Structure formats: structure tokens, C-alpha cells
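Enquirer: Before I ask anything, let me first share the structure, which is written out below as C-alpha cells.
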There are 2 protein chains.
Amino acid sequence: MKRIALNGIALTAFLAFSLFAQTLPDNNAPALMPWPASMSVQPGGVAIDSTFSISASGAGAKDPRVQDAIDRTLVRLARQTGIPVAPHAAGTNETATLRIVVEERDHRPPQRLGDDERYSLEVSGSGIRLSADAPLGALRGLETFLQLIQQNTKVTGTAPASPGFSVPDVTIRDEPRFEWRGLSLDVSRHFIPAADVERTIDGLAAVKLNVLHWHLSDDQGFRVESQKYRRLQQYGSNGLFYTQREIRNVIAYARERGVRIVPEFDMPGHATSWLPGYPKLGTDTGPYEIGNGYGILSHLMDPTKESTYRFLDGFMGEMAKLFPDEYFHIGGDEVAPKEWNDNPRIQAFLKKHHLADAKALQAYFNQRLLKIVSKHGKHMEGWDEVLHPDLPKTVIIQSWRGQESLWQAAREGYQGILSAGYYLDLMQPASEHYAIDPMKLPPERKKHLEEEGRAVPTELTAEEKTKILGGEAAMWEELATAENLDAKLWPRLAAIAERFWSPEGVTDVGSMYRRLEVTNRWLEWLGLTQRSGLELMRQRLAGGMPYQALDVFASLLEPVRGYSRHADRYTTSTPLNRLVDSIAPESDTAREFRNAVDQYLAAPKEQRNSEALKEQLLEWIVKVSAARAVLERNSLLSENIVAADTVIGVCKIGSDALLYLDPHLTPPSAATAAWKQRSLAAVEEAAKRQGDVLIAIVPGVQKLVEAVEVGTAPAEPEAGGAEPPR
Amino acid sequence: MKRIALNGIALTAFLAFSLFAQTLPDNNAPALMPWPASMSVQPGGVAIDSTFSISASGAGAKDPRVQDAIDRTLVRLARQTGIPVAPHAAGTNETATLRIVVEERDHRPPQRLGDDERYSLEVSGSGIRLSADAPLGALRGLETFLQLIQQNTKVTGTAPASPGFSVPDVTIRDEPRFEWRGLSLDVSRHFIPAADVERTIDGLAAVKLNVLHWHLSDDQGFRVESQKYRRLQQYGSNGLFYTQREIRNVIAYARERGVRIVPEFDMPGHATSWLPGYPKLGTDTGPYEIGNGYGILSHLMDPTKESTYRFLDGFMGEMAKLFPDEYFHIGGDEVAPKEWNDNPRIQAFLKKHHLADAKALQAYFNQRLLKIVSKHGKHMEGWDEVLHPDLPKTVIIQSWRGQESLWQAAREGYQGILSAGYYLDLMQPASEHYAIDPMKLPPERKKHLEEEGRAVPTELTAEEKTKILGGEAAMWEELATAENLDAKLWPRLAAIAERFWSPEGVTDVGSMYRRLEVTNRWLEWLGLTQRSGLELMRQRLAGGMPYQALDVFASLLEPVRGYSRHADRYTTSTPLNRLVDSIAPESDTAREFRNAVDQYLAAPKEQRNSEALKEQLLEWIVKVSAARAVLERNSLLSENIVAADTVIGVCKIGSDALLYLDPHLTPPSAATAAWKQRSLAAVEEAAKRQGDVLIAIVPGVQKLVEAVEVGTAPAEPEAGGAEPPR
């Protein structure tokens, strides 16, 4: 192990750093994400070179998860640095660069909710030491270690740094805030092959998420091989399903990385894909076809037949063996009751069993389901709608409705997790998800309740708070495929992971974005394709033409938000190969531009320097004009020509605004007012959706236009008419 | 199947096209590589959409290779287009979009040299029809089909094309020129994991290469698990070897793709890695260590001991079962005889057996080896040095020495393949490899022989020509790892593949580069990483800093050629993570710049337009200046600061030259002469290696400077001294 001296080292940023534990990240801190519970940084560091080795000791060191994690760490370290570290560079306890101590061995076969994930990591003159109570802590700590590796950099005014990599001296004590930190992944609307699911698990583990909630069936596809009810996959999947062998492999893969797999089979709604193979399960007489369109389809299982429960008992028995986790998700959301309401047989059943309505019938169904789930040794989990006074407190509620619903469940004694606010398919920026906290009512919601004179829910008691287990991001796949899945998940999911892991007070958005950028690049070394996948898609769109200009154009766009794309009648066979499919949900370029505009406008007028902004806008005009030639020629791109013209127009308005804002040029006049009015109208128009995309730089330009001061004097002819002075 | 009408279609380029078969590509032809034996293009085409399906009929259609190829084609078509084609979209013979007919089934278990690879592909109003005599032809034809898919594009002056993809109407009859078309891949100097080998096989199959020659042992590592002689891998591999299971998987993977695997175990030289585990095999007494440095190491097997042959018999017996191919490569190259010459025991053996020298001893060794190889049912293959009058004609010679050596062997009745001229580790441009033909003596070699008054080898007779089976590119891994392997192979290997497959007359370099660019992008859809891998490496180098400027700087560089990097004492543990490791062997940017310079200088003086060249040079100055900040900060990049400064200087000289070349500015003067002399000296200096890199744009700039006309009059003071007029 080599020590890094103080001159010319990796630790540039840390010299001015507090030597005491800090709980909040600052701008110079290592870009860890999620931010640890506590960290201090000291000057100095440990060099990473080809002599690097890892040892493990303690009872828990023999856990195969620890051994596998060490092997993976060596491979990843070699990838992150390009240094040929031997794949079996396991050193002895005395000489290893990184010494791991894992106190206890965890003998329970499937991983469980509440497993100990604590660890501490110390990098100092005596080397790197990672300590954990149990195997999972070692896995979490190794991710932190890998995030800490960085190339040595030269500090201004010092000698050049020695070529290579190192980790800074730190003391980290870390543990998660919530014990349930997950991603709910829909593989029904578009199938996601096992290899892509495994890649996603790599990402989850890297940012210390610990649950993959696998949404395995829905109207559009049944994705699991049943060996007992083979017609489920034969008639319900179009051939796109996981074999049981694949599922076992994915579960083992996840377990090696400290990620639980919770299966969901959604019922009695969102269940059309069960019915082509087993029409008797349905309320209608059939025949059925797999759903091709989206939205809430009408078909429901029939909760009034005993045969339904016999089937589900047989099915769950099989699945309970296949999926080792204690929890079993039965969906239960969005039951459109029409099929039940219109059916005389169902109505007669309601009457006979004194069930008031469809909601009561669903509760009846859930109670029957609960017995089956319990019989097979599992805890039941369901979406908000399953909540009903008759259900026992062992049920876990996943809330897509929000904190109020979640808190209400907690008050009633139910454990729950929050998903509302973490829907990655809504195409919101990371900052919006990051602001959502399972324990805090969003301010705008509070204001809304107050304005409507409705009761604002009071804070939970300490006891009730323990019922909130954490949260899950959700990725629904109507408009995503395996090809662009990574870009829909990453890097935004890392910000959500921080919300679930890091202390409640870690909320600074600027720091989040700074660390998210670094984390995003770091995740690429795992093989995640959020950048490269979209690049390839754009190259495909560009055909043989240069794609660089198209990349610039794409970097200024975002997909329309919410579910407004669905109105365009997408089906499961619609190709998702257009420009809107090949852009990131959040434009980093636009955010940086907005920040630059804010910084420019915040400066005193006489000190403002508009050069960088001007150059930026000019470059966009040039590049997007070049991209336009590509759009014109290629048949899949021509729908974006209007957006390109609008971008060019917006950039010109922004350039004009910078001229008006220049205090050294002609003072404001009435002509300015006319220009401003016209420009604001144009900007407002440009802010609207352009097909399926939004022009993400519009808000920045709008701020510039709004900041232009308007004169009251009539326009002087010599002021140049309505055009800005140049 | 949908027909594509004539207005607004994918076929833009083909309207003006010959309706008759053509054997040479022109600028408007589909960018197929390798170019087929014969092709004609007609107006029109067939749409590729989500209804696409494939059928296969004929006796050969049941071959699992055909079935697997169909499945892969559907997956790849979906990737190339983004269209959700069902993975089992096998249509019936009547309705399928692509109908495959394979006449014969090939029942021989391992694939063999000379297997029929012919196919024909017809795209027309009646659909797409692929016909082949045998399974391999179907595989080759499917690659051609996938290369033909392109996005519909708008033709100038017509209505917009319908959004989507199609293949143009063509008639192709195709078969290879040579039956042995391979890549020799060294996995000893740096280990290449099985997954990376499989990815390479994907690439080989895509460009219709059919042999992976697996160089499995050398001084620096023994890469195969022997179950009979376990100490080979235990002491000879540092843990980096293929298990037999992995090898069987790779062989099966290759066979599915129509690629033979020929193993090489190099002996009696290049064999140090055998000796740590089995020192008795060596001439010296040992103990031995695996080679860490490069070059020709001194250790040799001992050919005088019977125990050596007993060992090799046992080993070959095991390997002959593991590798099903008929051919077995025993290396035999570069035997440095010192260890034999210095050893009294060996010298006594020579005397006793009437062997003249080390060369004779190696021939003795080879004859013994040949008996063993034959005993285990294989044909022996070796490098040039194994050629010896005593060897039977069944031996195949792989020539690293060149056509003369290869032709001599053919005259003596030996079959052979050419590798000289196809060494991808020499960092030559594609055009140089492309110019090499196994059947033609390179003109410069011919000239050299004539100048020295030596005999120029006469053309081979028709009979002798049949002995030339083809060729193999070679990739030695001293300075490459799995991380940048793809960039060292691709796209240059595709140009060599064309040399081995396409008719002898397909030699136009401009056409080759045009099609190579398209093929290079197409290969990315297989998962090859020649672009993305280097990008990631440069991002790692950039650390947290912007990498875009670094990318521009990198695009202007090439690694030093030949083996001049080796002088810097690289060892197997030297990290290959510097800028030189993350650049392409050939700079496309520099080639395009050179072509632009040629075009500019070729125009009549008064019609020259220097704007584009000026802008280009200015952009490089700006971007490389920005990259310099990244170089200064990051410890692994600081060695390239001088190169960056040189690039900036060269670009300035180029800009100045363009001013001198402008006929509208001041006429030539003596000052011009002084500038030219100084600039030529600077350019000459800049053409030298800058550390491990070359500045690839220097030749283009040099041409500009050389074209500047020099006045004879003494310098006028008002002409601006030695600076160009601005």
C-alpha cells in the first residue's frame, strides 16, 4: 500500500475541509451518492495501483455474498482505473490495501427486510478499513469505497501529481434511514429481458437500493413461466416471459448484491393477460386477448367463483416457492368496477353476501387472497386500494396516492411505503422527486388543503413513524423498452435512492445535482447505458448523416411530462424509435443554462458579462441549423422540424434579450416594449409541446426576456425600430 | 410485407443505378462490406415494420445454425430499427417477409475448411428471398440482409418519405474468394475474457470472416485449463485462463455463427508460461517464472528429452478432444537458439543425431510434434519457421514473413495463409492493410528486389494458387487489453475481411472508407465497443472535467506506429490507461482533413475556397486549448501537454498557410520564403512522435505549407515582416 503525500495529490478538494464529522455535503466533498450518515475528510489518501489487494476477516467474511462482492470490486476497480488488478488479488489481513472485517455471518437463506446494512469505512495512514456487523454492510461499504476512487489531480500552484488513482483519507459511519428502498419495475407493458433486469440490479446495488419490486403481470403481458398453469405464458405473453430458471438466476444475482426481489401479480384488475389462457378466471365469458392499448382496461377477475381461488391457491403455491422473499405483492389497484356492476351474477353474489358494492367485493377478494398468501408463508403487500378495515395489520401498503394515504394507513397500524412522487415515467426532473419525503407533506399539498379549508394531517407519532418503512420509485413501461430503460431510470433514480438512504436533512438541490453528475458517470462503469444507449438511438435516427448536431439539438429537448403522450394512441406494437424516445427525461444542458441565466441576472447590472451566454446561444443556432438538414432528410425525424425552427427562434430571442440587457447600449424605449411583448408571446408559444417534446431551454430564455427593462418614451427612429441595438 | 412505392423512399441513391449486375461498388451503392461477388440494384424496396417475419425451408433449414441465425436476425433487426419484432416471428413460406431456402443439410459435426458459403439474395416485388446450398450460406446472406436495412429518406424535390425502414430491391450472388479468412487473437500477453472473445466472434461473423485463430499460450500466460496437467494454468496464468467449460461454450458460440476455432499452443519458443508448472519441459533447469516483459524471451522447451514428447502427447490428446477443428497450430516461430546453443547436453544430442544446428533441431522437434498431432487426428499448422524439406505436405504454413515466403511454400506444395501485412497491432491505417493481397507482391517490395538486383518471384501457376487458402489478420496484445480490444480490431478488420472475401478487383480505397464508416456504425448494434469503449476511457481520464474538448484533441492523434512503443519497457502489469490507449489506431478526422486539403489544392487557384478549412483549424485551436486545461489538471494526462501545444502550433501554421495561399492577398515575397522555411521546420518537428502519440493532422498541414509559393524579391518592410497578411 502506498501513501499519498500532501503535494500534488488526489485530495485537492479536501485540504480546506473540516476534520470533524459532517452530516451535510458541501461543494468540495467527495461526490458520494447516497450521502453517508456521517463523514469526515482528512488531508492525504491511499494510492490505488496494481499492487492493490483486499482481505476479509471475521465470521461474516465467509459469507459467499462478501466473497463475491470482493471479486466484483476488484473487477470494477480495474475497470474504473484501467489498472491491471489481478482478479484474485485477495491479500492477507496484514498486507491488504483494503481490509474488511465482517463480524457476524447471516445464516438466514433469503435476505430479509431489516437486515443490518451498517458499515464504517476508514481511509488513513494505516490503510483502508471497512467494518460491518453483517455481510450486507460490507456490500454497501464497498460501493462507497468504489465511489471514492479518483484520479490524482494537480492542485494549482503545486508540483504535478503523481500519475494514477487514489482514495482520500475519510472516516465514514453509515447506515440507511429507511429499511425498504426500492424500484418497482413494470415488465408487462414492454418486456424487459433478464439481462437488462440484472443490469438494473447492478445499478440499484450501486446506489444502495435494496428492493426490486418486479411487476410481472398486467393487462399487456404475463411474464413468468408457470409450470402448473402453462397457458398463462403460452397465451398471455407473446413468447416474451422469464423461464423459472431465468427467475432463479435473477433472484440469485440480486441476492449476491444485497437486493430483495418482491414479485407482484396484479389482481383482480390489470389482469387481462391471465385470461386468454384461463378465461374462467374472468368475470366476462371471453374469449380474451392480451391488452394491446393502455390505460385501465375493463376486464376483471371473477371474485365470486370458488374456482378462482382454487386456481390462485395453486398458482401462488408455485410462485411462493419460486420467489423466496417474505413479501408477495398482489397489486389490487385501479379496479374499474363496470364489469362487476353490469353482471347480474356478480350482483346476486353481492346481495347474498351482504357486500355493499364493488369496493366491498374487492375487500372480500383480498381477504380470500390474504388467506392463500398466508397459507404459503408470505406477507401480503398491495397498493392503496387494498386498504380496508377488515384486513389484518400484517399487510403492507404501497402508496401511489401520497403521504396522506400512507400516513392514514400508519395511523391505522399498517406498515407502508411511499411511491407517489417517485414515478419515473412521468418525466419529471430529479429535483422534484428529490423533494418528496415519505415523512413530510409536500408544501404545495399543505397549502392546497388549507386553501380548501380541509384538515391538514398532523405529524405522525414516533410509534406511527416506525410504520413507514421507506419507499419505491416506479417505472411503468408503456413508453419505454429495454433499449432506453436505463435512460428512464438513471441518473434520476440515484437521487431518489439518496432520499431513502441519507439523513432527512440532506436536501440541498445544488449539491445533489453536482454529485448526481459524477455518480451518473460512475454508473457507466457498471455497464449502465443511460448515455450510450440514447446516443446509439440517435445515430440510428441520423442514418448515414453526421449525428453530432442532432446530439446538440437533442440535448435541448425533454419529453412531454405526465401522461400526455398516451393520448396519441400508442399500442404495445408502436415502435419507440423516434427522437422523443432517444432523449433524456431531464435536460442537463437546459438546467445549466437556466443556472447561468440566474447567475447573470443576479450580478449587478454594470458587472454583468453576457459573453458566455451569447456564445452558447449562437452555438445552438449553428448546430440546430445543421441538425435541421438531418431532420429534413430522415423519415423518422421530419416530425421534429418545427421544434428545430422553434429552438432557433428562441435562441435568437435570447440573443436579442442579451443585447437589450446590455447597459452600455441604447437605453430602453417604446420599441423595446414592442419587442418584449412580441418576444414574450413567442416564448410562451415555444413553451408548449412541440409534438411529443418540450424545448427545455425556453424557461431560461424567458427569464432573460422578462428581465429586459422597458422604456416609456415613444420609439426613436434612430433606435433601430423594433430590433435590438447591435 | 409492404412494398415501397417510388416516391419518397429509402432508395434515394439507387434510382440512377445500373439495372445490371456490377462487380465494383460505386459511391451510391448500398454500403455493404465485404462487397459481394455480384450485385445489381433496382428501384423500389421492401418495407421493414412490426409485421416482419422469416420462414425457412429446404433440407438445410432444420440445421440448428440456421434456426439460431434466424432468431438472432430478428433480435438484431429489432435493435437496428427499434421496431418491436416478436422474437419468434417465424412466418410461413407463403407469407413471410424474408423466405430462406437452404438446399442441403450439413451433417458433419465440426465445421470444416471449404464448407459451402455461397448464397443469393433477391429483394423484389415478390419479397425477400435468400437461397443457399448449405447452412453457412444462409448465415452469410443474413448478414448481408441486415446490412441492407436503412431508414427511409427523402429525395430532394419529392414528398417526404414514409417514416420507417426498408431494404432496397437488389439481386446479389455471393461467395468468398478465399476459404480461410481469419483473425489470430493473442490472449496471452493480456488475457481476453471469454465474453470479449464471443463479442469479437460476433464481429467476425458480421463481416463474413470464418476463423478465429486463438493464440492461447505464450511466454506471458498459459490460458487454457488442462485437467491432465493442472499446473499449466495454476502456475502459468496468474489465475487468468479459460475453463474447459468456457472453451466449449466459445466453440459452440463460434460454430453457431459459422466461425471455426483453431487453437494455437506456441512451441518450442514463446513457451515460458508452460515452465513454472512443468520445469522439466524446459531446456534450463529452472525454476521459471511467467514472462513479464515482452520481445523474444530466451526460454525454450527441450526437444531432446523423450519426457517432453510424452507430456505433449498427453496434453495434445486432451486438447484434440476439447477443440474439434481439424487444424491444430503449434506456433514454431521466433526460436532464439541461445539456450540450446549454450547447453552441452543439447549439443551432444545434435551431434549424436547428425543435426546441423538449432534450426535442424527445431525441424526434428516439429517432426516429432507432427506425429503426435496426426495421432490425435489433426492437421498441423505452423508459422513460416516450421517449413522444412522433411515436413509432409499436409502441414499448413501461416506466413508472417510475406508473400515470398508464402509463395515459396506453395511452390513446394504446402498450403498456406498470409498474415504479413495484416498485423493490426502495428497501428497502420486500414488502407495499408487493404492494399495487401495474398496473390500480389506489394509494388514497393518488387521495386526493392529489382533495385537490389534480386530475383522477383514469378506469378504462381493456377495449380500453385490453389495452395493459397486465404489469410488471417493478427492482433498481438502486448499493448491492448479487453478494454480497448475492439478499437484495435474495428473497423480496420472489416477492410481486411473484404480483401479475403470480395473479388480481387475490389480495391478502391475511397469506396472502402465510405463503406467502412457505415459498417463501423452498423457493427455497434452487435455490441462492439470500438467507439464507446474509447469514449469511456477518455471520460475516466478527464475525471470530473468536461471530456468533449479532450475527445476533439484525441480525434487528431494516432498512436505511434510499429513496435516503437515497446522500447519504453512496458510489462504485463503496466496500466494501459493513458491517452495513447484511448485513441483509435487511425484518425478519421485527420484523413478527412487530408482529403479536404487535397481537394482544396486541386482546385484552380482562383476558385479555391478556404473557409471550411479555416473554420476547422480555428475550431481545433479553440477545443485543444480547452482540452489543455484538462491535461494540466489530471495526473495521467499531463504527459500530453506538449502534444496539445504542438497541435495548436500546427493549426496556426495551417491557418497562416491558407492566408498565403489566398491569391487575393499580397503576392509572394522573400518574407514568405522565410515563413515557409520556418514553418516547414516546425511541421517536420511536429511530425515526430510526441511521447507515444503522433499528431495525425500534420501531413495535411504540411501539404498546405508546401503549396505556398515563394517570392524571390527581398522582403518588403510593408509586407508585414515574416507574418502572413491578414
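Enquirer: Based on this model, can you work out whether A:ALA554 counts as under 30 Å from A:GLU632 (Cβ atoms), modelled with pLDDT of 95 or more and within 19 Å of the chain's Cα centre (by Cα)?
Expert: Values: under 30 Å from A:GLU632 (Cβ atoms): yes; modelled with pLDDT of 95 or more: yes; within 19 Å of the chain's Cα centre (by Cα): no.
Considered against the rule, which asks whether it is under 30 Å from A:GLU632 (Cβ atoms), modelled with pLDDT of 95 or more and within 19 Å of the chain's Cα centre (by Cα), A:ALA554 comes out as no.
Enquirer: So, in segment B:193-250, of the ones that are in contact with a helix residue (DSSP H, G or I) (Cβ under 7 Å, 6 or more places away or on another chain) and among the aromatic types (Phe, Trp, Tyr), which residue ends up nearest to B:TRP274 (Cα to Cα)?
Expert: B:PHE222
Enquirer: Which of (1) open to solvent by 60 Å² or more (accessible area, probe 1.4 Å); (2) under 23 Å from the mean Cα position of the chain (by Cα) is the odd one out, the single condition A:LEU406 does not satisfy?
Expert: Result: A:LEU406 fails condition (1) only.
Enquirer: Cβ-Cβ under 9 Å, sequence separation 6+ or interchain: first residue in segment A:616-636 and within 14 Å of another protein chain (Cβ to nearest Cβ), partner among the acidic types (Asp, Glu). Which pairs?
Expert: A:LYS623/A:ASP551; A:ARG628/A:ASP645; A:LEU631/A:GLU639
Enquirer: Which count do you get for residues in segment A:573-597 that are within 14 Å of chain B (Cβ to nearest Cβ) and without any contact (Cβ under 8 Å) to a residue 40 or more places away in the chain?
Expert: Here the count works out to 3.
Enquirer: Could you tell me which residue of segment A:324-338 is farthest from A:TRP476 (Cα to Cα), considering only residues that are at pLDDT 95 or above and buried (at least 21 other Cβ atoms within 10 Å of the Cβ)?
Expert: Ranking the qualifying residues of segment A:324-338, first place goes to A:ASP325.
Enquirer: For segment A:368-473, list the strands (runs of 3 or more DSSP E) that sit wholly inside it and hold at least 1 residues that are of a type in the set (Val, Ile, Thr); which are they? Walk me through it before giving the result.
Expert: Numbers: elements: A:379-383, A:396-399, A:415-418.
Those strands (runs of 3 or more DSSP E) span A:396-399, A:415-418.
Enquirer: Ok, one more. What pairs come out if I take residues in segment B:432-461 that are under 22 Å from B:GLU498 (Cβ atoms) and pair them with residues that are open to solvent by 80 Å² or more (accessible area, probe 1.4 Å) and modelled with pLDDT under 90 whose C-beta lies under 8 Å away, six or more apart or interchain?
Expert: As it stands, the answer is none, since no pair meets every condition given.
Enquirer: OK, next. From the list A:ASP133, A:ASP115, which residue is more than 14 Å from every other protein chain (Cβ to nearest Cβ) and touching a helix residue (DSSP H, G or I) at 6+ places or on another chain (Cβ under 7 Å)? It would help to see each step written out before you state the result.
Expert: On the way: A:ASP133 fails: touching a helix residue (DSSP H, G or I) at 6+ places or on another chain (Cβ under 7 Å).
Result: A:ASP115 is the single residue among A:ASP133, A:ASP115 that is more than 14 Å from every other protein chain (Cβ to nearest Cβ) and touching a helix residue (DSSP H, G or I) at 6+ places or on another chain (Cβ under 7 Å).
Enquirer: Filter segment B:556-572 for residues that are surrounded by fewer than 18 Cβ atoms within 10 Å (Cβ to Cβ) and of a type outside the set (Phe, Trp, Tyr); which is nearest to the other protein chains (Cβ to nearest Cβ)?
Expert: Out of the qualifying residues, it is B:THR571.
Enquirer: Of B:ILE436, B:ILE372, which residue is touching an Asp or Glu at 6+ places or on another chain (Cβ under 6 Å), among the aliphatic types (A, V, I, L, M) and crowded, with 17+ Cβ neighbours inside 10 Å?
Expert: Values: B:ILE436 fails: touching an Asp or Glu at 6+ places or on another chain (Cβ under 6 Å).
Within the list B:ILE436, B:ILE372, the selection yields B:ILE372.
Enquirer: Moving on to the next point. Take segment A:171-209 and flag every residue that is in a loop (DSSP other than H, G, I, E, B) and open to solvent by less than 30 Å² (accessible area, probe 1.4 Å). So that I can check it myself, show each step before the final result.
Expert: Narrowing segment A:171-209 to residues in a loop (DSSP other than H, G, I, E, B): A:175-179, A:187-193, A:207-209.
Within segment A:171-209, A:PHE178, A:VAL187, A:SER188, A:ARG189, A:HIS190, A:ILE192, A:VAL207, A:LYS208, A:LEU209 qualify.
So that you can scan it fast, the table gives a plain yes or no per residue for (1) at the interface with chain A (Cβ under 8 Å from one of its Cβ atoms); (2) more than 23 Å from A:ARG540 (Cα to Cα):
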| residue | (1), (2) |
| --- | --- |
| B:LEU516 | no, no |
| B:TRP525 | yes, no |
| B:ARG531 | no, no |
| B:GLY543 | yes, yes |
| B:GLN548 | no, no |
| B:ASP551 | no, no |
| B:ALA554 | no, yes |
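Enquirer: B:GLU524: open to solvent by 10 Å² or more (accessible area, probe 1.4 Å) and either touching a Leu at 6+ places or on another chain (Cβ under 9 Å) or among the aromatic types (Phe, Trp, Tyr) (or both), yes or no?
Expert: Here the answer is yes, as B:GLU524 does meet what is asked.
Enquirer: Could you pull out the residue among A:ILE100, A:ILE149, A:ILE83 that is away from chain B (no Cβ under 14 Å), closer than 30 Å to B:THR481 by Cα and crowded, with 17+ Cβ neighbours inside 10 Å?
Expert: Answer to the selection: A:ILE100.
Enquirer: For B:ASN595, are the conditions met, namely being assigned to a helix (DSSP H, G or I), open to solvent by less than 40 Å² (accessible area, probe 1.4 Å) and within 26 Å of B:MET427 (Cα to Cα)?
Expert: Details: assigned to a helix (DSSP H, G or I): yes; open to solvent by less than 40 Å² (accessible area, probe 1.4 Å): no; within 26 Å of B:MET427 (Cα to Cα): yes.
Considered against the rule, which asks whether it is assigned to a helix (DSSP H, G or I), open to solvent by less than 40 Å² (accessible area, probe 1.4 Å) and within 26 Å of B:MET427 (Cα to Cα), B:ASN595 comes out as no.
Enquirer: Let me ask something additional. Out of (1) of a type in the set (A, V, I, L, M, F, W, C); (2) within 14 Å of chain B (Cβ to nearest Cβ); (3) touching a residue at least 60 places away in the same chain (Cβ under 8 Å), the odd one out for A:LEU694 is which?
Expert: Here A:LEU694 meets the rest and fails (2).
Enquirer: Filter segment B:266-287 down to the residues that are crowded, with 23+ Cβ neighbours inside 10 Å and either under 14 Å from B:LEU312 (Cα atoms) or not β-branched (Val, Ile, Thr) (or both) and list them by number.
Expert: Residues satisfying the conditions are B:ASP266, B:MET267, B:PRO268, B:GLY269, B:HIS270, B:ALA271, B:SER273, B:TRP274, B:LEU275, B:LEU281, B:GLY282.
The values are calculated or read from the model by the stated rules, or taken from the named source; none is laboratory data. Computed from a prediction, not measured in an experiment: that's the story for all the values here. Cβ coordinates were reconstructed from backbone atoms using ideal geometry, including for glycine residues, and neighbour counts include every protein chain displayed. These accessible areas exclude ligands, DNA and RNA; they are computed on the full protein's heavy atoms, side chains included. Shrake-Rupley method; radii C 1.70, N 1.55, O 1.52, S 1.80 Å.
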